[in-house]
Amino acid sequence: MKLNDLVGIIEDKEVIGERSLEVAGISYNSKKIDENFLFVAIKGAKFDGHNFVKEAIDKGARAVVVEQIQEDIKDATIILVPDSRVALAQIAARFYGDPSSKLTLIGITGTNGKTTTSYLVGSIFKEAGFKTGIMGTINYCYGGKSIPASMTTPESLDLQSMLAEMVEDGVTHVVMEVSSHALDLGRVESLQFDAGVFTNFTQDHLDYHQTMEHYFSSKAKLFNHLLVESSKKKGSCAVINADDPFSENLALNTIPNIIRYGVKNKFQVFPEHIKLALDGTTARINTPKGSLNIRSPLIGEFNLYNILAAASVAIGQGVSLPYIEKGIGSLDKVPGRFERIENGEGINIIVDYAHTSDALERTLATIKSLSKGKIITVFGCGGDRDRLKRPLMGAVSGKYSDLSIITSDNPRTEDPNTIIEGIEEGIKRLGIRKYCVDDLTVNSCKKGYVTVVDRLRAIRFAIDIAKYQDTVLIAGKGHEDYQIVGNEKIPFDDRQEARNAISERVKRRALLNV
């Protein structure tokens, strides 16, 4: 494709050099540059692409997109732009043939519930016979492929490439999680959304956004910018959780179609005759198209909200009611989302991704309302991330748990003990007693908390001391099959470690009975 055709869409640009170059490919990574490529210099958290322009040219780049002129740029056309990330998204969309215009594209944003909602919508679409792709926190799935996700929403170039591949594979519908980072960094610019979903808004990612105002304004871009632009071509629909007070702050007056759902507020989509149990959820859901009788293996009120969101999306896309019912009922679990670990000990072992105070509270409130025994919670907080949520999570665990076991999550480059101390601040304010591990024997569980830095040891300890009908919640990492210590990813899966701990417990009891 000619360079001039690629960059023609970019506003407020200055082109210095030859415009009629043939562009063979695009990259924002200087190490992936080949002959006749276009290099786009973007600023990242650790590296600035502007420092690698010369390397890109040496490797074959014949044009570069930059935000500021550099003296050493030679033998390449320069495209000077105000925001190279937005430019990358626009160029990528054009290079790959604007694939989102050929797809039914659903974008889901919010602090919690994005992954489960995306899986539910995907399940409904599949029941309706649509060839569907899903992109989110766990993986990118399409055309029989499942690619582990490096980030919730990929960089715009990678995103457009995958969407183009989906179109090539015959995919017609794509459901994607849209993170606040992606919205703020322009990764989803130039995408045409058929629907945007707002699940909820609570504190998270303040290490990046700094303020709740900036965090919310980033989320809101899906509606007040991208959906507004998309609706000019697609007649897009906004799906809004009306029970969340922040939904009132979304500028929706320019979006033609809005579907509001809620449990407390009865707008277009709302449930009646709700039954929440440890074996799943049943309800009748009222919609503008008629009533749905829902039976879902998913547990808890927070999952009822996810079900309402998914049903609302499907209604907005014209999916018939029987397909919606089947799609919701056939999704038995989402990896690492309130995922139960089967065992013969009569213990409820649950692995959940809850890594915010709000998500942890919703999960623990559900457990408390449904379980008969004591609640043992194993959790930590990520290192090099939002420090303000640490005491909040400690307070939530202390409020609902009989025993909180504070441990490591992904400490990254922080001292795990420092992270744990931050969590302890919140639980100490409740006057909850701290124990030593040695104070708690096997099959005993006192009200209080302990600190166990080693996550493996913490999981084993929790399962060892649990009694019949107790619940062990292992929170924070969910589907992740690794732990980040320093700059290294170490294999570690909460679900597998819980299974191993149960096996060890059974073996020990068998030896005692010999």
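List pairs: first in the range 183-199 and closer than 14 Å to V228 by Cβ, second assigned to a loop (DSSP other than H, G, I, E, B), Cβ under 6 Å, 6+ apart or cross-chain?
Hits for this filter: V188/V178; F193/S236; D194/S236.
Please go through the range 135-150 and pick out each residue that is exposed (fewer than 13 other Cβ atoms within 10 Å of the Cβ) and aliphatic (A, V, I, L, M).
I147
What are the pairs with Cβ atoms under 9 angstrom where one residue, in the range 489-503, is free of Cβ contacts under 8 Å to residues at least 60 places away in the same chain and the other, located anywhere, is outside any helix (DSSP H, G or I) and acidic (D, E)? Sequence gap at least six, or different chains.
Correct list of pairs: P491/D481; F492/E480; F492/D481; D493/E480; D493/D481; Q496/D481.
Exactly one of these conditions fails for V171: (1) of a type outside the set (K, R); (2) crowded, with 24+ Cβ neighbours inside 10 Å; (3) in contact (Cβ under 8 Å) with a residue 40 or more places away in the chain. Give me its number.
Among (1) of a type outside the set (K, R); (2) crowded, with 24+ Cβ neighbours inside 10 Å; (3) in contact (Cβ under 8 Å) with a residue 40 or more places away in the chain, the lone unmet condition for V171 is (2).
Go through the range 1-115 and tell me which strands (runs of 3 or more DSSP E), entirely inside it, have 2 or more residues that are free of Cβ contacts under 8 Å to residues at least 12 places away in the same chain.
none
Under the condition of being hydroxyl-bearing (S, T, Y) and surrounded by fewer than 22 Cβ atoms within 10 Å (Cβ to Cβ), which residue from the range 191-214 is modelled with the highest pLDDT?
T211
Take the residues in the range 160-202 that are in a loop (DSSP other than H, G, I, E, B) and among the β-branched types (V, I, T), then tell me which one is nearest to L103 (Cα to Cα).
Residue satisfying both the conditions and the ranking: T172.
Collect the residues in the range 136-151 that are of a type outside the set (G, A, S) and touching a helix residue (DSSP H, G or I) at 6+ places or on another chain (Cβ under 7 Å), keeping them in residue-number order.
If the condition is that a residue be of a type outside the set (G, A, S) and touching a helix residue (DSSP H, G or I) at 6+ places or on another chain (Cβ under 7 Å), then T137, I138, Y140, Y142 are the ones that fit.
Inside the range 21-45, can you point out the residues that are at pLDDT 95 or above and either at positive phi or among the small types (G, A, S) (or both)?
Across the range 21-45, the qualifying residues are A24, G25, S27, S30, N36, A41.
Residues that are in contact with a helix residue (DSSP H, G or I) (Cβ under 8 Å, 6 or more places away or on another chain), among the acidic types (D, E) and within 30 Å of I367 (Cβ to Cβ): does the range 264-273 have at least one?
no
Among (1) of a type in the set (S, T, N, Q); (2) under 23 Å from M162 (Cβ atoms); (3) touching a helix residue (DSSP H, G or I) at 6+ places or on another chain (Cβ under 7 Å), which single condition is T104 missing?
All conditions are met except number (3).
Among the candidates I294, I274, I240, single out the residue that is within 23 Å of F193 (Cβ to Cβ), assigned by TED's automatic domain parsing to the domain that holds L105, in contact with a strand residue (DSSP E or B) (Cβ under 8 Å, 6 or more places away or on another chain) and not in a helix (DSSP H, G or I).
Going through I294, I274, I240 in turn, just one is within 23 Å of F193 (Cβ to Cβ), assigned by TED's automatic domain parsing to the domain that holds L105, in contact with a strand residue (DSSP E or B) (Cβ under 8 Å, 6 or more places away or on another chain) and not in a helix (DSSP H, G or I): I240.
Only residues in the range 279-305 that are on the phi > 0 side of the Ramachandran plot count as the first member; pair them with residues that are buried (at least 17 other Cβ atoms within 10 Å of the Cβ) and in a loop (DSSP other than H, G, I, E, B), Cβ under 9 angstrom, at least 6 apart or cross-chain, and list the lot.
Partner pairs satisfying both residue conditions: G280/L298; G280/I299; G300/F338.
For the range 1-25: of the residues being touching a helix residue (DSSP H, G or I) at 6+ places or on another chain (Cβ under 6 Å) and among the β-branched types (V, I, T), which is surrounded by the fewest Cβ atoms within 10 Å (Cβ to Cβ)?
I9
Select, from V239, V319, the only residue that is touching a Ser or Thr at 6+ places or on another chain (Cβ under 8 Å) and either at pLDDT 95 or above or not hydroxyl-bearing (S, T, Y) (or both).
V239
Taking the criterion of being surrounded by fewer than 24 Cβ atoms within 10 Å (Cβ to Cβ) and in contact with a Pro (Cβ under 6 Å, 6 or more places away or on another chain), would at least one residue in the range 151-166 satisfy it?
The answer is yes, given that some residue of the range 151-166 is surrounded by fewer than 24 Cβ atoms within 10 Å (Cβ to Cβ) and in contact with a Pro (Cβ under 6 Å, 6 or more places away or on another chain).
If a residue must be surrounded by fewer than 19 Cβ atoms within 10 Å (Cβ to Cβ) and in contact with a Phe, Trp or Tyr (Cβ under 8 Å, 6 or more places away or on another chain), how many such residues does the range 476-491 contain?
Looking only at that region, the number is 5.
The values are calculated or read from the model by the stated rules, or taken from the named source; none is laboratory data. Fair warning: this is a prediction, and the values are worked out from it, not measured in the lab. Glycine also receives a Cβ, built like all others from the backbone with ideal geometry; neighbour counts cover every protein chain displayed.
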